[in-house]
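These notes concern the structure reproduced below.
The values are calculated or read from the model by the stated rules, or taken from the named source; none is laboratory data. Keep in mind the model is a prediction, meaning the values are calculated, not measured. Note: ideal-geometry Cβ built from the backbone for every residue, glycine included; neighbour counts use all protein chains shown. These accessible areas exclude ligands, DNA and RNA; they are computed on the full protein's heavy atoms, side chains included. Shrake-Rupley method; radii C 1.70, N 1.55, O 1.52, S 1.80 Å.
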Amino acid sequence: MGRHLPLLLAAAGAVGAVFAACAVSVWWWPAAGPLLLLTCVGVRDLVQRRDSLLRAYPLTGRLPWVPRRGAAEPAGAVREFLVSSLGPVEPPEEPPVVRVGGPECRLPYDMALLNVSAMSFGALSSRAVHALNRGAALGGFAQDTGEGGLTEHHLRGGGDLVWEIGTGYFGCRTDDGAFDAREFADKAALPEVRCVSLKLSQGTAPGGGALLPGGKVSASVARERRVPVGEPVVSPPGHREFATPRELVLFLARLRELAGGKPTGLKLCVGSRREFLAVCRAMVAEGVAPDFVVVDGSEGGSGAAPPYAGEVGLPLTEGLVTVHNALVGVGLRDRVRIGASGRVATGTDVVRRLAQGADFTNAARAMMRAVGCVGAGRCAAGTCPVGVATQDPLRVRALDVADKARRVQRYQRETVRDAVRVMAALGVREPAGLTPAHLVRRTAPGTLRSYAELYEWLEPGALLSGPPESWAADWKAADPDAFS
């Protein structure tokens, strides 16, 4: 009610001034006019559907001190440049897609170049999740559910889903918190579920498990996650279903089989190169590989809780290069697609990540902007003023699903179009044509070096045939039966 108090006061003042002008003195009309105007503006703010902030805060949402963007977004690495070509090409009429699905996958999926990154119901409101899903359906791209479970809000819009399974196994969880294979198989069979992603860690809190504050655990969230209402939900730091790299890849194979052969992969924020190499060793030993790996950068954020203080895990660039090289080195890169997640917002961002080794990208913060986020920084408190990252029904009301779904669709469409145009300017029509040589960094005044020179890029099978000296120690120490 406090958010609507200025409108109520304006309306009450207008009524009083009009009564006084009619019953006492015409000199009340100069006061009645502005109050009536304020009332009309406030009512318009309340009933319009395009601006969530004005819908939630009629009149006061127009004040200049109300945040509209929050902290400025980084403009990318200002010392990096994409190399244009003197022989540019015409961009393709239809945006490229990436086929995800290795030899063991029976139902491959064509992934868009830009998709909705992992954001759970609970971290986001029901309407925000619904709008993202409907936008994905309109635009023909995928939405990652986040680890909070496969909920009715993810399914209402008809969009393609990547169902993320985290350490809490929300959505396929037994009463004691273990993995429920039967429930997983039943839900994975839904036609909206196109891929399954096993989350090992995330950039905002790698190795620590996700946190959903108690203030955001509404009755609906608690029902979806099978947890108590109003109590903080802290996901375990690791999985109960496996304890070694070998057990991990075998669990992946089991998930793919339970999902009917749908693409199944990993999501992680890379920490130790040696540990990821241990996972690669296990893949080779067992003859099992994921269909995709999504690399989350340590610069990623969260709509649920504050991130770790300090920096833990590799930034996205280093993580991408590590995963790409490791898979190339064990001869598996041609069957495993790589996704990049971490402050991807523009078409140039997409192209940069493809040049660094990714096949597709995911965006979270930019997608939140598309559904109305104004950067108020109230995600953890659950008091988001525009209904995006809150469970407060009155605040959630501010978000109009139909309008925001169209904005999500337009944002994704225009960003991919920009990416395709940038690729064409580099002389490339397909993502596979991008190489590290297309991305250049200024390392000193007057000195430019491409990513082909800045990083070591392994040849296919190099780790199996005899690793280079810079990789030899980590490769030798990588144990498929131990993470550390």
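Before moving on, here are some points about what is shown:
- Greater than 28 Å apart at Cα, pairs in K199/K476; K187/K267; K216/K262: K216/K262
- Amide hydrogen neighbours beyond the local backbone of A142, cut-off 5 Å, H modeled: A112, V116
- Bins of 10 Å from zero: percent of alpha-carbon pairs in the stretch 333-375: 29, 44, 22, 5, 0
- The stretch 382-466, accessible surface, carbon-and-sulfur percent (1.4 angstrom probe): 52
- Shape summary of the stretch 415-484, radius of gyration then Dmax from alpha carbon positions: 17.5, 48 Å.
- Across q = 0.17 Å⁻¹, the stretch 168-302 modelled as identical point scatterers on its alpha-carbon atoms has Debye log10 I(q)/I(0) values of -1.04, in the order of the q list.
- For the stretch 191-263, with +1 on Lys and Arg beta carbons and -1 on Asp and Glu, the positive-most of V229, G261, V196 along the dipole: G261
- Rolling a 1.4 Å probe over the heavy atoms of the protein chains gives the stretch 416-459 an accessible area of 53 Å² per residue.
- Packing around the peptides 397-410, 232-245, 347-360, taken as the average count of other Cβ atoms within 10 Å per residue, puts them in this order, highest first: 347-360, 397-410, 232-245.
- Amide H contacts of V294 (H built 1.01 Å from N, in plane; Pro and chain starts excluded): L266, K267, L268, G339 sit under 5 Å, all sequence-distant by 5 or more or on other chains.
- Rg over Rh, two decimals, the stretch 396-453 (C-alpha only, Kirkwood Rh): 1.26
- Highest mean packing comes first when the peptides 172-179, 85-92 are listed by Cβ atoms within 10 Å, giving 172-179, 85-92.
- Spin-label pair A425-D110: with each label point 7 Å from Cα along the Cα-Cβ axis, the two points sit 2.7 nm from one another.
- When the Cα positions of A136, F170, F121 are compared along the charge dipole of the stretch 120-194, A136 comes out farthest toward the positive end, with charges on each C-beta of Lys, Arg, Asp and Glu.
- With one equal scatterer per alpha carbon and no solvent term, the Debye-computed log10 I(q)/I(0) for the stretch 98-163 at 0.19 1/Å reads -0.67.
- Separation between Cα centres of the stretch 435-464 and the stretch 353-382, rounded to whole Å: 27
- Using a simple spin-label model with pseudo-atoms 7 Å out from Cα toward Cβ, A472 and A219 lie 6.6 nm apart.
- Additional length obtainable on full extension of the chain from D176 to A432, 0.36 nm per residue less Cα span: 87.7 nm
- Radius, Kirkwood style, for the stretch 275-428 when every pair of distinct Cα atoms is counted (Å): 17.5
- At the listed q of 0.09 Å⁻¹, the Debye profile of the stretch 346-484, built from one uniform point per Cα, gives log10 I(q)/I(0) equal to -0.51.
- Cα gyration tensor shape of the stretch 226-339, rounded if a/c is under 1.5, else prolate or oblate by comparing a/b with b/c: oblate
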